[in-house]
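Take a look at the structure set out below.
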């Protein structure tokens, strides 16, 4: 088993998705190193994980963190879709230029593979079909998506120039335990956060906006499986299921037992009304499938929210 | 005729393509302003053209140059396809970030339209058909092409956010008078430059590499027509004709009367073997067509080269 000997550097490994990826990698026997700006927010450090705290855009720091690394999983971004249009120049500087710095360092250190978390929610733009696969045109309508698109192209370019293996996962909307309750990171976490604080739930638009939500542990498993695989290079990481905002409210009511009366507000201009991502390619190539039903995922997330912020927490 | 009152800022207007675009705009009665790093190399300044010398990446300078401007034609790039992979980070900084700075300035100054010169030769990557149109997948294999792709997407994004009108022209390989003879800017100019200096012509590979060449005056006409038009936003600016390197040698021999014995050298890894761009969309929407045959274009270019560098020049 050579697999257990491989060292994986997880950039953003202390974040929401990263912490779950680290769980999966440890379970599979990888040696795990984390590069992040700061410690995990909701858990203590692991004694069998190496931690490097600093910026992934710093080339000298990368030269330290990449020593002995076989695989890099890059999950970090300094921006989020909803606000990236406010300053596209900063988005390009902090994320696209940083990716190129990382790729240059990866080549210097002869890392064999990069797993890159792209954005299924923004890279396609407005979908031309009910359920879209990886061949759908890429027409992002937020800077976040343009940066992800250009990042994918640069990874492909470096692969071509330097023989670097890669796997790009275009994630849909991950949700689950350890998603920070600062509003921007996902509607489910935001709603649960409002519920626990007994604050009203606000919905922009009529609640018919539909998204593909994937439980974070299922996404993390896919990222970990991608370390070994790779017949093809780009995969939707999604549930292939659509849930409207109103659906979510109904599930939340059922799971929490709380009667929810959302406040409907004016819709935001960046909203793509409907997007579901076809995950058949990932199912086929990785023998992977989402294991957590939407109700089960919401329940786990609610239980975690209660344990962190509920009346009996601490 | 409101058209004659419009002021057009040509960024890169003293360069090879830009100088021809300026000719076309003046002929159509536009008020022309040029932003470039330095004066035209091969001609004197025009008394009816305003000149602004500086960097198009400088936001304060742009605020001066954009006063009273209706349309911007952006032709400038600090890199060329053949060398852009040497330093992709610099390519992104100098060209993509500069474009975003320009777009922000354009929005501030309420410019109504931007014409952007993209790259038909690099944005598609390796073609999947004999003659490819604008719907071909975008899979660039050089940084120059990735930056052009991301630039197109940001222009679309700004158009969507701010109502900016735009026209993107994906140029094939322009050639003609005033193309500098510094090697990187195009094989025809390079060959003519070698001929005039009685130096051997070197060919990388077997000479079967085929490209779509467009006479620069025809490309410039298309850029000028784009100021008025725009039912669709992205156009190949091309001849729809393929000429191999060996074809070019044959035409050069015929036009110049010089027997040419090229030296064949090892091929370069970035070469796409065969690419021809379908120009039907531009023909339909602009009532435009390339007017200069390949032989005629080569002849004009040779005559210009003789006048500049030949035994009887100066």
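The values are calculated or read from the model by the stated rules, or taken from the named source; none is laboratory data. It should be emphasised that the depicted structure is a prediction, and the values quoted were computed from it without experimental measurement. Cβ coordinates were reconstructed from backbone atoms using ideal geometry, including for glycine residues, and neighbour counts include every protein chain displayed.
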Q) So which of A:141, A:168, A:155 ends up being within 14 Å of chain B (Cβ to nearest Cβ) and at pLDDT below 95? A) A:141
Q) Does residue A:302 count as assigned to a loop (DSSP other than H, G, I, E, B) and either in the same structural domain as residue A:152 (by TED's automatic domain parsing) or in contact (Cβ under 8 Å) with a residue 40 or more places away in the chain (or both)? A) no
**Q.** Residues being in contact with a strand residue (DSSP E or B) (Cβ under 6 Å, 6 or more places away or on another chain), within 18 Å of residue B:123 (Cα to Cα) and surrounded by 23 or more Cβ atoms within 10 Å (Cβ to Cβ) - total across the stretch A:146-169
**A.** 2
(Q) Being more than 25 Å from residue A:88 (Cβ to Cβ) and part of a helix (DSSP H, G or I) is the filter here; which residues of the stretch A:137-168 pass it? (A) A:159, A:160, A:161, A:162
Q: For the stretch B:265-276, state whether one or more residues are within 18 Å of the chain's Cα centre (by Cα), assigned to a strand (DSSP E or B), surrounded by 14 or more Cβ atoms within 10 Å (Cβ to Cβ) and at negative phi.
A: yes
Q | Residues of the stretch B:248-265 that turn out to be touching a residue at least 12 places away in the same chain (Cβ under 8 Å) and out of contact with any strand residue (DSSP E or B) (no Cβ under 7 Å at 6 or more places or on another chain), as a count | A | 10
**Q.** From A:219, A:252, residue being assigned by TED's automatic domain parsing to the domain that holds residue A:80 and assigned to a helix (DSSP H, G or I)
**A.** A:219
Q) Taking the stretch B:69-124, which residues are in contact with a strand residue (DSSP E or B) (Cβ under 7 Å, 6 or more places away or on another chain), over 22 Å from residue B:227 (Cα atoms) and more than 14 Å from chain A (Cβ to nearest Cβ)? A) B:121
Q: Of the conditions (1) at the interface with chain A (Cβ under 10 Å from one of its Cβ atoms); (2) in contact with a helix residue (DSSP H, G or I) (Cβ under 9 Å, 6 or more places away or on another chain); (3) modelled with pLDDT under 95; (4) not in a loop (DSSP other than H, G, I, E, B), residue B:190 clears all except one; give me its number.
A: (1)
